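The values are calculated or read from the model by the stated rules, or taken from the named source; none is laboratory data. Everything quoted here is computed from the prediction, not taken from an experiment. Heads up, the Cβs are rebuilt from the backbone with ideal geometry, glycines too, and the neighbour counts pull from every protein chain shown.
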Amino acid sequence: MGNVFYGAVGLRGSDQYWYVADLLMSKIVDSPVTNAIYPTVAATASLTDLPPRIHNLPITYLAGLAHQSGVSDYVSWVSVNVSLAILIAVCLFFVAKIQGYSYSFIAPAVFLSFPLTLWLSINALAEMSLALGASLIMLGSVVASSTVRSTTRATSIGLLIVSAGSILMFYTRDSYALLFPAQALFTIWICRTSRRRWLLAAPSLILTVVLTALRPLILPPYPHAGVLSQLMAGTPSEKGQMTSYYDLAQAPFSLSEFTAKAAKGLADGLLPSSPSEVITESAVLVVIAVGIFIIQDNPSSRMLKSWALAMLGIYLATSAAFQAQNRYIFVLVPFVAVFAVGLLDQFMQHKRANSWVSVLPWVVVGSILIGCVAGSFLMAREYKYQAETEMAQTRKLGVELTREPSGSVLAVAETSQVLPLTYAAVPRPVIALNPQISSPEEAARLIEDWDVRILVGASQADLEYFSHAVDLASDGRATLTTRPTFEAPGGPIQLWVIEP
């Protein structure tokens with residue numbers, strides 16, 4: 001907790017600006033909407049009918065409740081993430097306890113001290129809810145599989161917990177729909193010895209099917225061009241970042257380009273690219289591999305290994321199909337915590353069987369925990385430095401925007417510049433365009449429809465693009481007034497004000 005208090009000084013990042021800006025929007029307009037407007041919604045949304053959050057996820061509503069109660073926007077996210085981390089730690093304790101491990105208290109200690117846990121506790125991101133879903137699946141599977149010959153109530157409860165975990169993960173990220181086949185196989189395995197167990201499994205299966213079908217109604221997604229466009233992100237054919245949000249047309253799919261991208265993404269997902277990834281990503285992969293091959297098999301441990309393989313497969317598939325990000329591997333950290341305890345317990349049992357006790361395992365465990373805390377401190381220090389710098393930049397940008405005429409903002413800057421701008425501009429809508437995709441005529445139409453008064457770019461080419469669009473929108477009657485250049489988190493940006 002000390003590292004959390006030390007590092008959690010404010011907001012920084014990329015997607016984090018969306019997550020926090022949407023909290024502010026919800027409090028202002030009393031509806032879960034976003035002020036981030038992309039061409040995929042610009043034609044159908046309006047100033048009075050804003051689109052749903054770009055990340056319309058269950059955890060955003062928990063953070064929203066905290067914000068509605070009076071907690072600041074960023075602290076709302078930190079408080080929710082820390083609360084979920086503690087809940088995960090409790091789940092892991094019971095998983096290790098049900099497994100019969102003698103040192104079950106070490107599992108929550110490993111999880112809470114792990115550097116990625118610290119990083120994702122103080123960042124406004126949704127990964128903590130994915131880790132909670134994984135922990136619920138672990139807990140449900142050991143409850144159900146460790147009681148195959150015991151009470152039917154425990155079996156039913158275990159299956160419901162697994163269902164809750166898989167639904168939470170699917171509601172948080174689409175790729176976790178790949179968990180449903182694993183859930184079906186797990187249910188078949190649990191029910192294989194008794195027809196009566198299929199009656200016990202019915203509630204969990206019905207819950208999964210119904211909530212999966214209702215997801216678009218419960219949490220409406222932000223429109224994009226389609227899955228094929230997202231799969232082509234990061235390939236030579238892509239016209240810029242987030243093309244699936246900038247271009248209404250489905251991107252042509254190239255198998256050769258996708259294969260090359262997938263190979264690179266898979267390599268990035270497996271191999272570290274920085275020292276921080278050695279102590280996070282590589283450590284996770286090593287412990288998962290060692291745990292799967294060395295921990296002794298029993299019904300519940302086999303299930304944990306199977307779920308770990310499923311999560312690992314989804315992590316690698318996401319890295320290959322979309323992009324590799326270090327935070328995506330966090331879903332495996334709960335397994336690392338339990339596997340670490342399982343390996344320790346197995347080692348200590350071997351020593352007792354040989355009638356001698358060694359302090360070496362405890363020295364190793366203590367060293368690992370100290371190393372985790374030290375790594376967390378270094379990550380907290382890095383976060384603090386970045387956040388203090390970015391907070392000063394976004395605060396200055398926000399102050400400047402309050403001085404400008406009311407109206408929407410039209411931006412053609414890079415995504416890393418647009419996201420902080422979206423946060424600083426709340427509640428103004430920020431319409432993002434890519435000049436390589438959207439013509440000046442389309443920009444002119446958006447200027448009229450969205451009452452745009454402020455333009456944001458980063459180059460002379462952007463000014464020429466805007467000048468043409470403004471001339472079209474105003475029949476040459478409006479002029480552009482240049483404002484000073486601002487240093488934004490993603491790089492310097494230039495503001496222009498449309499003067500009628």
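For the stretch 171-190, how many residues meet the condition of being of a type in the set (Phe, Trp, Tyr), surrounded by fewer than 17 Cβ atoms within 10 Å (Cβ to Cβ) and over 26 Å from the mean Cα position of the chain (by Cα)?
0
From the list Ala154, Ala184, Ala213, pick out the single residue that is in the same structural domain as Ser301 (by TED's automatic domain parsing), out of contact with any strand residue (DSSP E or B) (no Cβ under 8 Å at 6 or more places or on another chain) and modelled with pLDDT of 95 or more.
Exactly one residue qualifies, and that residue is Ala213.
Checking the structure you have, find out if any residue of the stretch 384-391 is buried (at least 23 other Cβ atoms within 10 Å of the Cβ) and within 30 Å of the chain's Cα centre (by Cα).
no
For the stretch 169-177, check the following and say yes or no: at least one residue is among the charged types (D, E, K, R), within 30 Å of Gly226 (Cβ to Cβ) and assigned to a helix (DSSP H, G or I).
Yes: the stretch 169-177 contains one or more residues that are among the charged types (D, E, K, R), within 30 Å of Gly226 (Cβ to Cβ) and assigned to a helix (DSSP H, G or I).
Filter the stretch 193-212 for residues that are among the β-branched types (Val, Ile, Thr), under 17 Å from Ala182 (Cα atoms) and free of Cβ contacts under 8 Å to residues at least 40 places away in the same chain and give the result.
Ile206, Val209
Which condition breaks for Glu404 when tested against (1) in contact (Cβ under 8 Å) with a residue 60 or more places away in the chain; (2) within 21 Å of Pro32 (Cβ to Cβ)?
(2)
For the stretch 386-500, please list each of the strands (runs of 3 or more DSSP E) lying entirely inside it that holds at least 1 residues being out of contact with any strand residue (DSSP E or B) (no Cβ under 7 Å at 6 or more places or on another chain) and outside the structural domain of Trp119 (by TED's automatic domain parsing).
Per the criteria, 479-488, 491-499.
From Thr212, Thr208, Thr187, which residue is closer than 26 Å to Ser31 by Cα and in contact with a helix residue (DSSP H, G or I) (Cβ under 9 Å, 6 or more places away or on another chain)?
Result: Thr212 is the single residue among Thr212, Thr208, Thr187 that is closer than 26 Å to Ser31 by Cα and in contact with a helix residue (DSSP H, G or I) (Cβ under 9 Å, 6 or more places away or on another chain).
Are any residues in the stretch 299-344 in contact (Cβ under 8 Å) with a residue 24 or more places away in the chain and of a type in the set (S, T, N, Q), and if so, which ones?
Ser300, Ser301, Ser306, Thr318, Ser319, Gln323, Asn326
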